[in-house]
Amino acid sequence: MKKIALLGCGAIGSQIALAIDSGKIPAQLTQIYDQSKEASEKLVSKLKNKPTIVENSHLLSSGPVDLVVEAASQQAVKDVALSVLQNRKDLMMMSVGALLDESVFEILSDACKEFSKNIYLPSGAIAGLDAIKSVKDELELVTLTTTKHPNSLKDAKFFETSDISLDKIDTQTIIFEGTASEAVKLFPANINVAALLSLVGLGSQKTKVKIIADPNTDKNTHQIEVKGKFGEMNYSIQNVPDSTNPKTSRLAILSSIETLRKYCSGGITIGT
Ligand SMILES: NC(=O)c1ccc[n+]([C@@H]2O[C@H](COP(=O)([O-])OP(=O)(O)OC[C@H]3O[C@@H](n4cnc5c(N)ncnc54)[C@H](O)[C@@H]3O)[C@@H](O)[C@H]2O)c1
């Protein structure tokens with residue numbers, strides 16, 4: 001049975017831990033870490049099979065684990081991802097925006113080759129990455145329009161310098177239009193989807209992003225338009241936000257659980 005370590009005990013990390021504990025993911029959760037001791041202790045209290053709470057994030061990959069799950073923040077990726085690979089462990093990463101920093105991407109991708117280890121990026125809050133991967137060489141346009149309730153956009157870096165006050169928005173309002181590269185920097189906890197689309201498709205400078213605040217929605221909606229020689233794809237995903245963290249969609253949590261289940265189970269792989 002695979003041994004898993006967990007970095008980040010928030011909305012995603014907790015649900016992954018519970019899925020392992022219930023047997024849905026056939027694995028053993030051996031070690032966890034969160035910069036908030038309270039968050040780690042709260043999670044351990046909910047589990048039948050108690051993992052060890054380690055003293056710092058680097059200890060997660062020093063023991064006999066197969067894979068470290070990162071479900072914390074872009075900074076956590078920058079701090080520990082390389083040492084996970086150097087310790088010859090696989091990594092499943094949720095804070096994928098960190099990879100739009102080209103130097104981070106290059107260092108980690110070289111380390112995967114050097115240490116023969118893999119980084120897994122779940123599809124997160126969207127569908128269709130498999131198809132975009134297939135048409136990568138024929139892509140001409142990728143646009144993402146994300147619509148969320150203003151509460152789901154709160155605390156984004158963007159608002160430190162913008163005149164827009166989220167509390168005053170009473171109708172659908174375009175908050176941001178630009179490249180995925182800019183979006184990920186200004187909305188780091190909100191727009192991992194833009195990072196995934198960039199990585200799989202045209203890159204972060206050519207992937208266009210629009211963010212809309214809508215006080216009348218209770219969903220996180222991602223509208224994706226893809227065009228090229230192959231034809232066109234248009235799809236929309238209306239996600240229910242997680243009850244503990246409205247910035248994170250339920251689908252992102254379920255997709256992380258499925259990616260880890262597949263890693264731990266082996267067998268027939270369906271889809272591109
Ligand atoms: N790939 C996707 O589609 C997708 C979707 C949703 C969220 N995310 C990303 O996944 C990450 C986790 O999301 P979440 O909803 O569980 O967030 P959350 O805020 O509910 O939980 C994050 C937890 O990580 C801890 N943490 C943050 N930085 C840390 C660090 N440097 N070291 C140790 N612990 C740290 C926090 O204390 C918190 O308990 C976020 O970066 C989020 O942006 C990705």
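The values are calculated or read from the model by the stated rules, or taken from the named source; none is laboratory data. This one's a predicted model, so the numbers in the text were calculated from it and none came from an experiment. Heads up, the Cβs are rebuilt from the backbone with ideal geometry, glycines too, and the neighbour counts pull from every protein chain shown. What goes into the accessible areas is simple: the full protein's heavy atoms, side chains included, and nothing from ligands, DNA or RNA. Shrake-Rupley method; radii C 1.70, N 1.55, O 1.52, S 1.80 Å.
Taking amide H as placed 1.01 Å from N in the peptide plane, PHE176 has its amide H under 5 Å from the amide H of ILE211, each at least 5 places away in sequence or on another chain. Counting only alpha carbon atoms, the long axis of helix 250-265 and the longest principal axis of the chain meet at about 40°. For the range 129-247, the fraction of C-alpha pairs more than 21 angstrom apart is 37%. Taking loop as defined by DSSP and a crowding limit of 13 other beta carbons within 10 Å, which chymotrypsin sites (Phe, Trp or Tyr not before Pro) in the range 174-272 fit? Here no loop site has a sparse enough neighbourhood. Across the range 62-73, computed HN-Hα scalar couplings (Karplus, 6.51 cos²θ - 1.76 cosθ + 1.60, θ = phi - 60°) run 7, x, x, 10, 8, 8, 9, 9, 9, 9, 10, 5 Hz from first to last residue, x flagging Gly and Pro. For the chain, the spread of Cα positions along the three principal axes, ordered from largest to smallest, is 48, 43, 33 Å.
Within the same chain, lysines fewer than 8 places from LYS2 are excluded, and of the rest, those with a Cα less than 22 Å from its Cα are LYS24, LYS46, LYS48, LYS50, LYS89, LYS113, LYS117, LYS262.
Put a dot 7 Å past the Cα of LYS78, heading toward its Cβ, do the same for ASN151, and the two dots end up 3.1 nm apart.
Among the trypsin sites (Lys or Arg not before Pro) found in the range 14-66, those both in a DSSP coil and sparsely packed, with 13 or fewer other Cβ atoms within 10 Å of their Cβ, are LYS48.
Rolling a 1.4 Å probe across the protein heavy atoms gives the range 129-247 an accessible surface of 51 Å² per residue.
Among the trypsin sites (Lys or Arg not before Pro) in the range 198-272, those located in a DSSP loop and surrounded by at most 10 other Cβ atoms within 10 Å of their own Cβ are LYS229. If you take the square roots of the eigenvalues of the alpha-carbon gyration tensor of the range 182-265 and sort them as a ≥ b ≥ c, do you get rounded (a/c under 1.5), prolate (a/b over b/c) or oblate? In terms of gyration-tensor shape, oblate. Applying 1/(1 + (r/R0)^6) with r as the Cβ-Cβ distance of ILE53 and ASP110 and R0 = 45 angstrom yields a FRET efficiency of 0.90. Computed extension gain for GLU258 through ASP137, at 0.36 nm per residue and net of the alpha carbon distance, reaches 40.8 nm.
As a fraction of the 1.4 Å probe accessible area of the chain, surface on carbon and sulfur atoms comes out at 48 percent.
In the chain, the DSSP-assigned H stretches of four residues or longer account for a calculated mean residue ellipticity at 222 nm of -9500 deg cm²/dmol, using -39500 (n - 2.57) per stretch and the full residue count as denominator. Measuring only protein heavy atoms, the 1.4 Å probe finds SER134 accessible over about 80 Å². Measuring between their Cα centroids, the range 1-29 and the range 91-143 lie 22 Å from each other.
Label-to-label distance, ILE174 versus GLU102, with points set 7 angstrom from Cα along the beta-carbon direction: 2.8 nm.
Measuring between their Cα centroids, the range 177-219 and the range 225-243 lie 13 Å from each other. Taking amide H as placed 1.01 Å from N in the peptide plane, VAL69 has its amide H under 5 Å from the amide H of ALA5, LEU6, LEU7, MET92, each at least 5 places away in sequence or on another chain.
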